[in-house]
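The values are calculated or read from the model by the stated rules, or taken from the named source; none is laboratory data. Note that the structure is a prediction, hence the values are computed from the model and not measured. Neighbour counts are summed over all protein chains in view; Cβ atoms, including those assigned to glycine, are modelled from backbone coordinates with ideal geometry. Note: areas computed on protein heavy atoms with side chains; ligands, DNA, RNA excluded. Shrake-Rupley method; radii C 1.70, N 1.55, O 1.52, S 1.80 Å.
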Amino acid sequence: MTYINSSESLVLQDVSIDRILENGQIVPRLQQLDFALAPGEWVNLAGVNGSGKSSLARLLAGLTIEGVRGTWSRGFAGNRPSPYIMQHPDAQLFAETPREEVRFALEWRRLEPDMIMQLTEEILAFTGLTAIGDTPWEHLSGGQRQLAAVAAASAGESPLIVFDEATSMLDEQSMQLVYRLARKLNERGTAVVWVTQRLQEIEASSRVAALTEGQIVFDGTGHAFLYGADDETGLTPCQACGLRLPYLSALALELGRLGKLQPPYPETPEEWEAVLQGIVAVPV
């Protein structure tokens, strides 16, 4: 792979990766893929298992993958690998407690001891982990351990953080905690790559890049991904990728088909409550 120095967007050009199966057959993981990520941007990567979204996420994080071909500019992300949050937090925790984990991450930055102590407490407070900062992992939930992994990742003040289905193994409450923390980091200027199959996490105005068989087949807003263009019929881009629509999106489309709802479709709970109250049931 060829590297190009840039101070702007992270850019992949004509990138391909092959996978060799046990029978010797070569199949593509990524196929001549072009992709750009701007500083401070949030992008959702979607697709079925095996679509290539995790391979793309690893490349964006700057992790090494054997056999990569193409051109890559790390741009604003810099030359070092970016924090990469996986499904299982235990695979990436090195210390014994959240406080030690954050401190360990700060020590890698070679800061003065006083600064490490100060920043550790600030990060624990920012991530809501102060009260359990000295609690061993075995006494914490999966969501709390995942928050600690994110806290340690944020300690490096990286301009980019990649979440590879980081909420897929969590309960709803823990998922919301991790998602809100990622949003807080993004509001502070950190670019976020959010890999997910939980499509209810996708906000209407956020960017979605969807992959099928190693190729990006959709790159646009969450609303367009879930619903398609307002004047289109048939499968939405989400469904065309082999993914199931979230319940509320499917409900909105069905109500639209019945003539009871018109675009733009509701997004917030308040909007849905108003819409449902306005729908008059048709007598059987």
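Name the residues in the stretch 220-268 that are of a type in the set (Asp, Glu) and without any contact (Cβ under 8 Å) to a residue 40 or more places away in the chain, would you?
Passing the criteria: Asp230, Asp231, Glu232, Glu254.
Residues of the stretch 234-277 that are over 27 Å from the mean Cα position of the chain (by Cα), open to solvent by 60 Å² or more (accessible area, probe 1.4 Å) and over 30 Å from Gly50 (Cα atoms): Arg257, Leu258, Lys260, Gln262, Glu273, Ala274, Leu276, Gln277.
Taking the listed residues Met175, Met169, the one that is in contact (Cβ under 8 Å) with a residue 24 or more places away in the chain, open to solvent by less than 10 Å² (accessible area, probe 1.4 Å) and not small (Gly, Ala, Ser) is Met175, with no other qualifying. Within the stretch 51-70, the set of residues being more than 14 Å from Val192 (Cα to Cα) and assigned to a loop (DSSP other than H, G, I, E, B) comprises Ser51, Gly52, Leu63, Thr64, Ile65, Glu66, Gly67, Val68.
Being open to solvent by less than 70 Å² (accessible area, probe 1.4 Å), under 26 Å from Gln146 (Cβ atoms), of a type outside the set (Asp, Glu) and in a strand (DSSP E or B) is a property that Ala182 lacks. Do we have any residue at all in the stretch 39-46 that's under 17 Å from Gly189 (Cα atoms), open to solvent by 10 Å² or more (accessible area, probe 1.4 Å) and outside any loop (DSSP other than H, G, I, E, B)? Within the stretch 39-46 (the criterion being under 17 Å from Gly189 (Cα atoms), open to solvent by 10 Å² or more (accessible area, probe 1.4 Å) and outside any loop (DSSP other than H, G, I, E, B)), the answer is yes, since at least one residue qualifies.
Arg74 fulfils the conditions (1) under 21 Å from Ala149 (Cα atoms); (2) among the basic types (Lys, Arg); (3) in contact (Cβ under 8 Å) with a residue 12 or more places away in the chain except for a single criterion, (1).
Applying the criterion of being open to solvent by 50 Å² or more (accessible area, probe 1.4 Å) and of a type outside the set (D, E, K, R) to the residues of the stretch 116-131, the residue that is modelled with the lowest pLDDT is Gly128.
What number of residues within the stretch 87-115 are surrounded by 19 or more Cβ atoms within 10 Å (Cβ to Cβ), without any contact (Cβ under 8 Å) to a residue 60 or more places away in the chain and either in contact with a helix residue (DSSP H, G or I) (Cβ under 7 Å, 6 or more places away or on another chain) or more than 14 Å from Asp134 (Cα to Cα) (or both)?
Result for the stretch 87-115: 8.
Among the residues of the stretch 59-71, those identified as farther than 18 Å from Ala182 by Cβ and either touching a residue at least 24 places away in the same chain (Cβ under 8 Å) or among the small types (Gly, Ala, Ser) (or both) are Leu59, Gly62, Ile65, Gly67, Val68, Arg69, Gly70, Thr71.
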